[in-house]
Amino acid sequence: MILIEDTSELRFDRADHPDMVAIQTRMANTEGAGEFDMSRALRSSLRMSPDVVIVGEVRGAEVVWMAKAMSIGIDGSMCTVHASDSAQALLRLVAYAMEPPARYDRGAAVALLASAVHFVVHLDFTAEGVRVVSSVREVAGTDGDQIISNEVYRPGPDKRAVPATPLRAETLETLATVGFNPAQFEWDRW
C-alpha cells in the first residue's frame, strides 16, 4: 500500500499496515528546486508495483495519474476530494483532469475517470456534528461527455445514507468475485 499526502492527515497505523509506504510531497526551496508534487509522487508510486494507492486529497491535474493507477489494475485505490455531494465530486474530478498541465479535453477526462472510478462515497455531518456516510454513487459508464452514475444511497433526513437505487447486476457480479455476498448485506441500513 502506498499513501501519498501533501500534509500527513490520514494517520495509518504501521502495525496494521507494515508494508505501507508513506510519501509526502514537498514544495520547491527558495531557489525553486526540489519540488516533489502530487503528480510526480503518483508517477513514482506506479514504479513500486503497489497493491493499493491512497491519495490524501486530489486538488488538481494529479487526478490523471490517480485515475491511471486505478485503471491499470491497482484495484481498491482511492483518493479524497472536497465536494458538496457525490455528484459534485465526479464533476470536480473531471474538471481537475482538464486543468493544466494535463489539459485533457472533457470527453477524454470523462472516459478516463469513468473507467477508473467505480464508487464515490460522500461524507457529511449530522446536525449533532457526527460525520456520517451520506451518499454512495456507483459509476455506470459514459454517455458522450457525461459520466453516468446511480446514487445507490442518498442522504436521509438526518444526512445518513439511506437506500436509493439498487446496484447494477454487473456491479454485484464483480463484487461477488471478491467475496461480497449481497444476501448478507442489510440494504435498508447503513
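Annotations for the structure displayed:
- Virtual spin-label span in nm between residue 36 and residue 177, 7 Å along Cα→Cβ: 3.5 nm
- Whole-Hz ³J(HN,Hα) from phi, Karplus 6.51 cos²θ - 1.76 cosθ + 1.60, for segment 42-49, glycine and proline x: 5, 4, 5, 5, 5, 6, 8, 6
- For segment 76-91, Karplus couplings with θ = phi - 60° (6.51, -1.76, 1.60), whole Hz, Gly/Pro x: x, 5, 7, 8, 10, 8, 8, 7, 6, 7, 5, 5, 5, 4, 5, 4
- Listed residues 164, 144, 82: farthest to the positive end of the dipole of the chain (Cβ charges): 144
- Looking at the chain alone, DSSP beta bridges between its own residues are antiparallel in about 65 percent of cases.
- Which of 177, 102, 53, positive extreme of dipole for the chain (C-beta unit charges): 102
- A Cβ-based charge dipole, computed about the Cα centre of the chain with Lys and Arg at +1 and Asp and Glu at -1, lands at about 180 debye.
- Bridge orientation summary for segment 1-111: considering DSSP beta bridges with both residues in this region, about 10 percent are antiparallel.
- Most fluctuating residue given options 167, 42, 90, as computed from a GNM of the chain linking Cα atoms under 10 Å: 167
- Calculated FRET value between residue 20 and residue 72, using beta carbons and R₀ = 25 Å, to 0.05: 0.80
Laboratory data are not the source of any read-out in this text; all were calculated from the coordinates shown. Everything numeric here is computed off the predicted structure, so don't read it as measured data. As a convention, Cβ positions derive from the backbone with ideal geometry for all residues, glycine included, and neighbour counts pool all protein chains shown.
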